[in-house]
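The next block holds one structure in the form of structure tokens; read it before the comments.
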Amino acid sequence: MRIDLHGHTKFSHDNYFEPQNMIDQAFEMNLDGACITEHFSMVPPRAIALLDIPRGFHVFTGLEISTKSLQ
């Protein structure tokens, strides 16, 4: 199973993709799934609910945070 576990959309402010664009591109690349991982926030639940997810394709959500180094 091939899944992209770290992809950003427009909700991270460092990408212009709509969540649907990310899912469509991952599917076209023959991936089995994708994780929409945003900086310091989750994808709004409504944006996830509106996705047209291909049958058998897995969609996950993630959260990327930064912490201070202890050094």
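Worth pointing out:
- Long-range tail of P(r) for the chain (Cα pairs > 18 Å, %): 35
- Taking Lys and Arg as +1 and Asp and Glu as -1, the other residues whose beta-carbon sits under 11 Å from that of VAL59 total -3.
- Neighbour-count order for HIS8, HIS39, fewest beta carbons within 10 angstrom listed first: HIS39, HIS8
- Formal net charge of residues neighbouring LYS10 (Cβ-Cβ distance under 11 Å; K, R +1; D, E -1): -3
- Sparse-neighbour loop sites [chymotrypsin sites (Phe, Trp or Tyr not before Pro); the stretch 15-71; at most 13 other C-beta within 10 Å; DSSP]: TYR16, PHE40
- Vicinal HN-Hα couplings computed from phi for the stretch 3-15 (Karplus, 6.51 cos²θ - 1.76 cosθ + 1.60; Hz; Gly/Pro x): 10, 7, 9, 8, x, 9, 10, 4, 6, 9, 6, 10, 8
Where a number appears in this text, it was derived from the coordinates with a stated rule and is not lab data. Predicted model only: the values in this text are computed from it and were never measured. Cβ: placed from backbone, ideal geometry, glycine included. Neighbour counts: every protein chain shown.
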